[in-house]
Amino acid sequence: MAISTEERTFKQLVIDLPVGRKLFVGFAGLTTVLALVIGCLFLTVSRLGAANDRIVDGAAAEAQSADQLRVAAAELRSAQQAYVLDWPSTRTDFDQSAVQFEGALHALRRDGTDSAGEALIDKISTGYQTFRTTDQLIGEALQSGNPALARNLTLGAESLAFGLMAEDASKLADRAEVGRLDAVARFNKTSSEARRLGIALGIVALFVMTLASWVITKLIRNPLLRVQQAAERAAEGDLQAEADVTGDDETGRLAKAFNTMLSKLRLREETLRAEHRRQEVAGKVHRALEMADDEPIALEVVGLALAEALPSYSSELLLADNSKSNLEQAVVAGHNPDGPGCPVASPFSCVAVRSGSAVTFASSTALDACPHLRNRGVEPCSAVCVPVTFMGRAMGVIHAVGAENQVQTTAEIDALTTLSAQAGARIGMLRTMTRTQEQASTDSMTGLMNRRVFQTRIRSLRRTDTPFVLVMADIDHFKRVNDTYGHETGDRALKTFCEVSKASLRSTDLMARWGGEEFAFAFCDLEPSQTRDVIDRIRLELAGRLSTSDLPAFTVSFGIVAADACASLEDAVRLADDALYEAKAQGRNCSIIASVPATIPGVVATPLVRVAEKLRSTNPGVLASLVGDDDPVAH
Amino acid sequence: MTIQRVRFIASPPARKRFIVALMLMGLVASSSACRLVDGDKGISDTTADQEVAKVAGWTRIATTEKYLVVANVLPGEVMFTTAEADAQNPTEGELIIRGIGNPVGDHVRHVEAHIYDRTTGLPRSDVTTSILLLNRTTGEREIVAATLMQDINTGALDIHYGNNIAVRSNSDLRLIVTVDGEEVTLDGHLD
């Protein structure tokens, strides 16, 4: 989320600074701090030194002046006493001493001192004025010739004034000396404290620089470290390892790009995983369907796959029958044993089949819901319908219902679409195969197995040592029926014989169209005589059926042989064929049981066999003629 | 403030130590700087006043028809009776010859007047003396008890009248001394 400049905190602003600018600002700040500290130290020490120098110099000058004042006072007193005691003498020395004293006093005032010093100077000044006044009185006494008065004034009033003045001058000198010594001590103390302050400021500056360096390093290194750690975790496969960096600097933008990359990788991984799951399920379903060699098993697989793909749904597979116009419920999956029960009648009435793709409905009560869903009379629900096609032709639909407004995920719809495609392909293929096999193994007109399949089946019976009786049948004068009533009537005659025969057979018995109007039967676990009873029943049934139909009456001849007694299957066929010819020869509409000859080499064949051989010799291709339309005996 | 305290309490021990060390270093640095800045002051104003009081004063001389008067306003001096002087043997102060002496204290000054005979130049202790102190700055008037005394060290040459009396600093003073009916006025500034 973009943060406006006004809303950003100072910390965020600092974090958002580019790394280069952070470094520049940081080190510029450090340099500035260092320069300021050094400058402050230099300035402070310089000013302190100058101030201390002035203080010390002032104190020394004051002490010197005060000492000069004290000396001048002493000289003044000495000069005054000299001219008083040695009167009449000159006052030159006294006047010079007075000038010196006044000069010293003036120097003290000029140089300045503290308030106590000023008070002392004031006091000295008044004392000096009194001293000069008494000196004037002394001078007058001397002039008037009264040396005793002058002497007494010198020892009295003037001595008093001088004493106070001298005492104060001495005090001032002592104070000045003390002040000088104090200034020196304070200078030393201040210098020491300045050094300590310098050291402290240096330490603080060093600390501040270290702190600033640490902060700058932290600002730059920590986000980079977080990005590095996130990248390492991502490299190890953890795509959730996003870099926790919020700044807007280079590192922050790197982290955002990294997180975006991770997000896309996660999305891609999720897509790949979903695709992988879909392919895995699809592969599993494909393998299961591959193993299903008939439609019921395939439908069972579809049911299981539906339950796995949509566990929270009630689903069903509606498949069209052979007419491709009626949809019937083929598979049910889910919690409802009856399935959703879509009432759609034909594929062409289904919205999903018409659209050719998956269709979803959020609510059965919605305006745009499928009519078959809305009018079903159940609680409101959601639905998804996926058409099932094979080679572009609709053959059904997968229909699933869930709770109302239950949103089907893309993965679920993809799974259903894949399942529908696989189911359509497999079921369509199985149906095609079944149809092809039926076409290859049955006679298209009568629905009976053809000769090749029959031979395969009876070979199988011989391999398993299953006793059976082989019967060959041929419709009598069938060519005549065809020629007289037409092929359509002939075909109906064939179908009628088939229907009558099949009605009399057990489930273990076999019947095939051998060719033309000739048929073959295999009766398991029966004796030839018992077989002939069955044959006779068929003949009777046929006669009864024909008596009530519009077909012309026709009969059938049968040749019977115990196949398990024959040396080979070819022998059995040949003997049954011979018996059939025998039946034809005996007037047709009967059944003849062939005698099975011994299979010892050199043994002469039975008369029946000879007849058959004879017939074959007079009419080559007997067996071939049996496949044809004509009755060989009728010729 | 509360938030800062809570943050400080919630911070790790290392960070607490770091913050405390930072604060101590700042305290030491600022303390040193303050001491350097305040170093010139050294003595407070009150101390300076006391120093001034110890030394402030003035000396004035005036004459009457018969007398020479030297008046001094000095820092307060301890005044001893003879008995006290004998008992304590002080090295400085005033020895009371006649009268009573006031004690020293804050703002107490020693106001004295030396009376000399104009004809002989000798100090007089047998005259009738009164001393009136007029503070021209405040307008206050005080009579200074004219106790006869002399400096313990100097002796009789220093005999004079006066006493200890409280006088405010930085005042313009006027002493009116009457000696046997002759009056002199002496002005001076007391620092």
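Readers should treat all values here as calculations from the given coordinates under stated rules, not as data from a laboratory. From a predicted model like this one, the values you see are computed outputs, not experimental measurements. Cβ sites come from the backbone with ideal geometry, for glycine too, and all protein chains shown count toward neighbours.
Fewest neighbouring Cβ atoms within 10 Å first, the residues B:His110, A:His106, A:His487, A:His286 line up as A:His487, A:His106, A:His286, B:His110. When the alpha-carbon atoms of chain A are used, the pair Rg, Dmax equals 69.6, 222 angstrom.
First obtain the Kirkwood hydrodynamic radius of the range A:421-475 from its Cα pairs, then insert it into the Stokes-Einstein equation at 10 °C and 1.306 mPa s, and state the resulting D in µm² per second as a whole number.
It comes out at roughly 117 µm²/s.
Globularity index of the range A:14-161 is 2.07 (Cα radius of gyration / 2.2 N^0.38 Å, N = number of residues). The calculated 222 nm mean residue ellipticity attributable to helices in the protein assembly as shown amounts to -19000 deg cm²/dmol, summing -39500 (n - 2.57) over DSSP H runs of n ≥ 4 and dividing by all residues.
Take peptide B:112-124, look around each residue's Cβ out to 10 angstrom, count Cβ atoms belonging to other protein chains, and average those counts.
Per-residue shielding by partner chains comes out at 5.
Panel order for A:Thr417, A:Thr548, by other beta carbons found within 10 Å of each beta carbon, from fewest to most: A:Thr548, A:Thr417.
As a rough footprinting exposure proxy, the listed residues A:Thr434, B:Thr178 were ranked by other beta carbons within 10 Å of their own, and the order from fewest upward is A:Thr434, B:Thr178.
Amide H to amide H distances under 5 Å link A:Met395 with A:Val388, A:Thr389, A:Phe390, where only residues 5 or more positions off or on other chains count and H is placed in the peptide plane. The distance between label points at A:Thr484 and A:Asn326 comes to 4.0 nm (points 7 Å beyond Cα on the Cα→Cβ vector). Seen from A:Ser78, the other residues with C-beta closer than 15 Å to its C-beta sum to a net charge of -3, counting Lys and Arg as +1 and Asp and Glu as -1. Give me the base-10 log of I(q)/I(0) for the range A:416-514 at each q in 0.17, 0.23 Å⁻¹, Debye formula, one uniform scatterer per Cα, rounded to two decimals. Rounded to two decimals, the profile gives -0.90, -1.22. Just list whichever of A:Lys264/A:Lys284; A:Lys22/A:Lys256; A:Lys479/A:Lys584 have alpha carbons separated by over 25 Å in the model shown. Violating the 25 Å Cα-Cα cut-off are A:Lys264/A:Lys284. Close amide H contacts of B:Leu122 (hydrogens built in the peptide plane, cut-off under 5 Å, sequence separation of 5 or more or a different chain): B:Asp117. Computed from phi, the 3J(HN,Hα) profile of the range A:574-580 under the Karplus parametrisation 6.51, -1.76, 1.60 (θ = phi - 60°) reads 5, 5, 5, 5, 4, 4, 4 Hz, with x in place of Gly and Pro. Counting only other chain Cβ atoms within 10 Å of each residue's Cβ, the peptide B:54-67 averages 6. Loop-located GluC sites (Glu not before Pro) in the range A:206-272 (DSSP state not H, G, I, E or B) with no more than 13 neighbouring Cβ atoms inside 10 Å: A:Glu236.
Computing FRET efficiency as 1/(1 + (r/R0)^6) for A:Arg435 and A:Glu527, where r is the C-beta to C-beta distance and R0 is 45 Å, gives about 0.70. Viscosity 1.567 mPa s, temperature 4 °C: give me the Stokes-Einstein translational D for the range A:82-194 in µm²/s, with Rh taken as the Kirkwood radius over C-alpha pairs. Taking Rh from Cα pairs, D becomes 81 µm²/s.
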